[in-house]
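The structure appears below as structure tokens.
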């Protein structure tokens, strides 16, 4: 109604102008729809465009190809790399340094005479022969190598001593698994001497790899002084150190609670123990057992007192989470001020099996 009233109030010129405006809008909309239709048709028939990847040029790694015999000074008359190449730079030098004895404390120094500039000695913390070196070894060796080279540049007599460690229990476990896997034998089957021989074989295999890794890192160590912690001179030194410490009373033998491994049949250090908190009955896998073992259950059982037979026989109730230890119990301790047990002190209890 209002539109009709507005149109009647407008002049013919205004009405014509509005009609032309609406016609232009309709034509513009039709043109847009036609254009959109053509685009949709083109997309329907067009093939998907293949993405053009830029040709990635892989820069070749320049390697050292000159004929330099191991131990001889590096021949650098060959073509130099256009960019820094670690393989080119590091190649052949270490063998030359080692042959020339540059890392020996005797180099340019007479060890029979004191060096007025001083001496510096550092022993590389011997890596375990249970495997190969990792990033942590690389970090530590780099720091130690830097320090030893610094003191050598200061004119001191320097010894950076390499070696590797038999790692005790850790290596024993690895070698035992290897024996079982390859020969289906345990360490008890091969005997002590045979097992020690297997450990030496493992050391020669893994120790060689470890030493090659140290050479790759350029460690300035004296390889003629490399040691293994099972070498006779090292074991003698360890034995002598323990004897001296025992004689001085610094170390002693005593009865203490230990971490006993039923699988290894040996006492092990705290660092070898995986601690696990449990809040109740829990089944856990234990080496040497086919099925999981129950832990976290408090069991109460009664020890009968010897000489108190009959229906009113006296008993002492004990609660424990390790009931199997009852076979090794030799005594029961009670609180001296607990009146319930005063009359039992000094009596004998029976192991009720």
- When both residues are 6+ apart or on different chains and their Cβ atoms are under 8 Å apart, which pairs have a first residue that lies in segment 66-95 and is surrounded by 12 or more Cβ atoms within 10 Å (Cβ to Cβ), and a second that is at pLDDT below 85 and part of a helix (DSSP H, G or I)? 81/88
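Kindly establish whether residue 83 is farther than 17 Å from residue 226 by Cα and at pLDDT 90 or above. First the steps, then the outcome.
Working: farther than 17 Å from residue 226 by Cα: yes; at pLDDT 90 or above: no.
No.
Can you name every one of the strands (runs of 3 or more DSSP E) wholly within segment 198-292 that holds 2 or more residues which are over 21 Å from residue 133 (Cα atoms) and under 27 Å from the mean Cα position of the chain (by Cα)? Lay out the reasoning, then the answer.
Working: elements: 259-261, 266-268, 282-284.
Output list reads 259-261, 266-268.
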- Could you list, in sequence order, all residues of segment 122-150 that are surrounded by fewer than 16 Cβ atoms within 10 Å (Cβ to Cβ), over 30 Å from residue 172 (Cβ atoms) and under 28 Å from the mean Cα position of the chain (by Cα)? 142, 143, 146, 147
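To keep it simple, each residue is scored yes or no on (1) closer than 17 Å to residue 223 by Cα; (2) assigned to a strand (DSSP E or B).
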position	(1), (2)
138	no, no
141	yes, no
155	no, no
159	yes, yes
174	no, no
179	no, no
- Task: Can you tell me which residue within segment 197-227, out of those that are farther than 30 Å from residue 120 by Cα and free of Cβ contacts under 8 Å to residues at least 24 places away in the same chain, is surrounded by the most Cβ atoms within 10 Å (Cβ to Cβ)?
- Result: 198
- Out of (1) surrounded by 10 or more Cβ atoms within 10 Å (Cβ to Cβ); (2) on the phi > 0 side of the Ramachandran plot, what's the single condition that is false for residue 249? (1)
- Message: Looking at the structure I just gave you, is residue 98 closer than 18 Å to residue 216 by Cα, touching a strand residue (DSSP E or B) at 6+ places or on another chain (Cβ under 7 Å), touching a residue at least 12 places away in the same chain (Cβ under 8 Å) and surrounded by 17 or more Cβ atoms within 10 Å (Cβ to Cβ)?
- Response: no
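Listed here are the residues, each with its yes/no results for (1) in contact with a helix residue (DSSP H, G or I) (Cβ under 8 Å, 6 or more places away or on another chain); (2) at pLDDT 90 or above.
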| position | (1), (2) |
| --- | --- |
| 238 | no, yes |
| 245 | no, yes |
| 251 | yes, yes |
| 256 | no, no |
| 264 | yes, no |
| 274 | no, no |
| 289 | no, no |
| 301 | yes, no |
- Just give me the residues in segment 315-330 being farther than 20 Å from residue 341 by Cα and not in a helix (DSSP H, G or I), in sequence order. 321, 322
- From the list 40, 110, which residue is in a helix (DSSP H, G or I) and either surrounded by fewer than 10 Cβ atoms within 10 Å (Cβ to Cβ) or at pLDDT 90 or above (or both)? 40
- Message: I'd like to check something: does segment 306-314 contain any residue that is part of a loop (DSSP other than H, G, I, E, B), under 30 Å from residue 169 (Cα atoms) and either touching a residue at least 12 places away in the same chain (Cβ under 8 Å) or in the same structural domain as residue 186 (by TED's automatic domain parsing) (or both)?
- Response: no
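Can you pull out every residue in segment 63-122 that is touching a helix residue (DSSP H, G or I) at 6+ places or on another chain (Cβ under 6 Å) and in the same structural domain as residue 218 (by TED's automatic domain parsing)? Spell out how you get there, then give the answer.
Quick first cut of segment 63-122, residues touching a helix residue (DSSP H, G or I) at 6+ places or on another chain (Cβ under 6 Å) only: 63-64, 70-71, 73-74, 81, 94, 120, 122.
Listed by number, the residues that qualify are 120, 122.
The values are calculated or read from the model by the stated rules, or taken from the named source; none is laboratory data. Just so we're clear, the structure is a prediction, and the values are computed from it rather than from any experiment. For neighbour counting, all protein chains shown are included, and Cβ atoms are generated from backbone atoms with ideal geometry for every residue, glycine included.
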